[in-house]
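> Provided herewith is a single structure, encoded as structure tokens, for subsequent inquiry.
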Amino acid sequence: MEKKNSNIFFSPIGLSTAFAQVYIGSKNKTKDEIANLFGFNNSLVEFPNEFLVFSNQLFSPEANSTIELLNANSVWVNNKFELKPEFAKSLKDNFNSKVFTLDVSKPSECADQVNAWVKNSTSDKINTIISEKNIEPETVFLLLNSLYFKDKWLNTFDEKNTREDMFSVSASEKVKTQMMNTQGDYNYSKYYNYDALQIPYTTNNYSMLILLPKDVSGIYELEQNLDSIDIDFILSDLKKNSINISLPKFKLEYEVNVLKEMLTKLGIKQAFEKSKAEFSGIIKEVPGLNFYISDVLQKTFVEVNEEGTEAVAITMISHNFRGGRPDPKIFRVNHPFLFFIVEESTKCILFMGKCVNPVE
């Protein structure tokens, strides 16, 4: 994670879904680099249907559940270009993706069209993802994925128990925040430098996992070792305990604009190179032009309160050319922590974040 002293929130599955769509139109090394990072099946014949089955399992909760889980995809194509029919069909059949055309000679109008779709698909929580500056003459198409999540805690926090308390942003700085409080049986475990707590939502298999460093300034060490933290193992290792929980109410809005840089470091290089990217399965061939990914953006929103959690993400990929009960354990979230919204049956992390300052 980036930005040492800032809140961070993003959607791994949103990013994965966006890249799954460009993946089916990629070739050779470009295809291999995307597959290696995201763990996609290297067979483009089998992959689209596999992803569809996975998505249906993830985004089709029980009919009587309280969850609102909406996944929407759209592709916005420069009207001077045309998607290959087989690519367009795969988007529709496997991702339920809507295809729109853009007149890039009218950048302000294009931005308004895209942002209207964003606003509608996120229940008005995110109003903009691009401005007219993002629409260039070289823009071939924009690919967007939106993910909206809202659910109630299985055991809601009583508002009468919410009170003002101090939250240590760092060893030397504290802020006042609204702290929610409750007691009950929760899955919990202690590790070397952090404690883990799972707070379930009403809908089966969905929960928030919180990793709380033992030290006030321990968030940075935890971040550095994030790659070695096995979320699946933690979820299976947690044990039911009587817990006194104090958790801050917080609302975060975050925009990740360095995803291209991050993805390059993680191994996706050729997709961003003007002369080497191989996306010949996406756009009908135009002599003398090569298509590449020019930018990857994600904008997210999350609100955690007594009732539950609301979270939203928009991801955009832009293509250009050129026994007896023991005493309750205390889980007091009064300093920076990591949190994950997970679906356990698919082992999917929908959202993950870092809260350094709940009132920022």
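The values are calculated or read from the model by the stated rules, or taken from the named source; none is laboratory data. Please read these numbers as outputs of a predicted model, since none were measured by experiment. Cβ sites come from the backbone with ideal geometry, for glycine too, and all protein chains shown count toward neighbours.
> Of everything in region 50-105 that's of a type in the set (Asp, Glu) and in contact with a Lys or Arg (Cβ under 6 Å, 6 or more places away or on another chain), which residue is farthest from Gly281 (Cα to Cα)?
Start the filter on region 50-105 by keeping residues that are of a type in the set (Asp, Glu), which leaves 50, 62, 68, 82, 86, 93, 103.
Those left that are additionally in contact with a Lys or Arg (Cβ under 6 Å, 6 or more places away or on another chain): 68, 82.
On the way: Glu68: 34, Glu82: 11 Å.
The extreme case among them is Glu68.
> Hey, another quick one. Considering (1) β-branched (Val, Ile, Thr); (2) over 26 Å from Thr128 (Cβ atoms); (3) surrounded by 20 or more Cβ atoms within 10 Å (Cβ to Cβ); (4) assigned by TED's automatic domain parsing to the domain that holds Glu82, say which one Val342 fails and leave the rest.
(4)
> Related question: Out of region 240-299, which residues are part of a loop (DSSP other than H, G, I, E, B) and within 30 Å of Ile330 (Cβ to Cβ)?
At the first step, the residues of region 240-299 found to be part of a loop (DSSP other than H, G, I, E, B) are 249, 257-258, 266-269, 273-282, 284-291.
Listed by number, the list holds a single entry, Lys249.
> Further question: For residues that are assigned to a loop (DSSP other than H, G, I, E, B) and either within 29 Å of Ser275 (Cα to Cα) or at pLDDT below 95 (or both), tally how many sit in region 307-326.
So in region 307-326, the residues assigned to a loop (DSSP other than H, G, I, E, B) come out as 307, 321-326.
Still in the running and either within 29 Å of Ser275 (Cα to Cα) or at pLDDT below 95 (or both): 321-326.
Of the residues in that region, 6 qualify.
> I'm trying to understand the selection: among the residues of region 121-156, which are within 18 Å of the chain's Cα centre (by Cα) and in a helix (DSSP H, G or I)?
Ser121
> Considering only region 76-94, I want to know if a residue exists there that is under 19 Å from Ala313 (Cβ atoms), surrounded by fewer than 17 Cβ atoms within 10 Å (Cβ to Cβ) and of a type in the set (D, E, K, R).
No, every residue in region 76-94 fails to be under 19 Å from Ala313 (Cβ atoms), surrounded by fewer than 17 Cβ atoms within 10 Å (Cβ to Cβ) and of a type in the set (D, E, K, R).
> Right, something else. Name the single residue that is modelled with the lowest pLDDT among those in region 29-49 being surrounded by 14 or more Cβ atoms within 10 Å (Cβ to Cβ) and in a loop (DSSP other than H, G, I, E, B). Explain how you work it out, then say what you get.
Taking region 29-49 first, the residues surrounded by 14 or more Cβ atoms within 10 Å (Cβ to Cβ) are 29-35, 37-38, 40-41, 44, 47-48.
Of the ones still in play, those that are also in a loop (DSSP other than H, G, I, E, B) are 40-41, 44.
On the way: Phe40: 92, Asn41: 85, Leu44: 80.
Going through the qualifying residues, I end up with Leu44.
> Taking the criterion of being within 18 Å of Ser168 (Cβ to Cβ), of a type outside the set (Phe, Trp, Tyr) and in the same structural domain as Tyr194 (by TED's automatic domain parsing), would at least one residue in region 223-239 satisfy it? Full working, then the answer.
At the first step, the residues of region 223-239 found to be within 18 Å of Ser168 (Cβ to Cβ) are 223.
If we keep only those that are of a type outside the set (Phe, Trp, Tyr) as well, we get 223.
Pick out the ones that are also in the same structural domain as Tyr194 (by TED's automatic domain parsing) and you get 223.
Looking for residues that are within 18 Å of Ser168 (Cβ to Cβ), of a type outside the set (Phe, Trp, Tyr) and in the same structural domain as Tyr194 (by TED's automatic domain parsing), one finds at least one in region 223-239, hence yes.
> Taking region 161-179 on its own, how many of its residues are over 15 Å from Ser6 (Cα atoms), touching a Lys or Arg at 6+ places or on another chain (Cβ under 6 Å) and of a type in the set (S, T, N, Q)?
Qualifying residue count for the region: 1.
> Still on this model: Pairs needed: first member in region 206-226, surrounded by fewer than 21 Cβ atoms within 10 Å (Cβ to Cβ); second member anywhere, in a helix (DSSP H, G or I); C-beta distance under 9 Å; at least 6 residues apart or different chains.
Correct list of pairs: Pro213/Ile219; Pro213/Tyr220; Pro213/Glu221; Pro213/Leu222; Asp215/Glu221.
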